[in-house]
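Worksheet: the structure to be examined is printed underneath.
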């Protein structure tokens, strides 16, 4: 199943693109959005996003390019493959700055659409079969971006609608949600409490009420998380030992 989203303020365009998607030889789930805000408010994961650049809805303050940037800045479990569908050629270079997969001009040619869809679907399906190993995070703080290697992070703490990364040297506060990071880092990190996401690599001991890290800190372990934590930690140790 390819989870496909279409974001365009024009009803006829959305209907046409949805019809083209249904003609492709893949099982697809389609959801439609009339504005960037509507798309951002829906937390469902997207594999593929067909996105208009010039969203003219009076209710929208964001255009398609701004929506693409916000998606790329967000720590999503799955980043969508973005295909811009627009009547303006002048945005082509800006589109690739936000990691767009392809740029289709309106009116959309059906044969071209099928070719692009097939290539996008191949990339999505390959990504599922061979998920990338995350070695670093790129996160936003104020107006700057910072890339942090996972092996520098002891744990992540949720704090006042932000998160604080507790590092080997210092701390880093950024705009992100701990539950999004939990999804993205689930193979190496575990949510031991609503406020803590720990790097399993640095767990040196635990009891039924707390987890001890390599830097000596002890963090509260929720009683509701205890059994799942033990399973996740032992599984992580076995993987590291090659068992």
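For region 167-185, the criterion of being closer than 18 Å to residue 220 by Cβ, not assigned by TED's automatic domain parsing to the domain that holds residue 71 and not in a helix (DSSP H, G or I) is satisfied by no residue at all.
The residue that is modelled with the lowest pLDDT, counting only those in region 110-143 that are over 19 Å from the mean Cα position of the chain (by Cα) and either over 21 Å from residue 100 (Cα atoms) or outside any helix (DSSP H, G or I) (or both), is 143.
Residues that are modelled with pLDDT of 90 or more and under 17 Å from residue 88 (Cβ atoms) were ranked within region 32-63; the one that is surrounded by the most Cβ atoms within 10 Å (Cβ to Cβ) is 50. For region 72-105, the tally of residues that are in contact with a helix residue (DSSP H, G or I) (Cβ under 6 Å, 6 or more places away or on another chain) and modelled with pLDDT of 85 or more stands at 6.
Residue selection: residue 28 fails the criterion of being buried (at least 19 other Cβ atoms within 10 Å of the Cβ) and at pLDDT 90 or above.
Of the residues in region 205-222, not one is within 18 Å of residue 150 (Cβ to Cβ), surrounded by fewer than 17 Cβ atoms within 10 Å (Cβ to Cβ) and out of contact with any strand residue (DSSP E or B) (no Cβ under 8 Å at 6 or more places or on another chain). Residue count for region 1-50 under the criterion of being assigned to a loop (DSSP other than H, G, I, E, B) and without any contact (Cβ under 8 Å) to a residue 60 or more places away in the chain: the result is 12. Of the residues making up region 1-25, just one is under 23 Å from the mean Cα position of the chain (by Cα), at pLDDT below 95 and within 22 Å of residue 94 (Cα to Cα), namely 8. For region 144-163: of the residues being over 17 Å from residue 202 (Cα atoms) and in a strand (DSSP E or B), which is farthest from the chain's Cα centre (by Cα)? Looking at the filtered set, the residue picked out is 159.
The values are calculated or read from the model by the stated rules, or taken from the named source; none is laboratory data. Quick caveat, the model's predicted, so the values are computed rather than measured. All Cβ positions, even for glycine, are placed from backbone atoms using ideal geometry, and neighbour counts span all protein chains on display.
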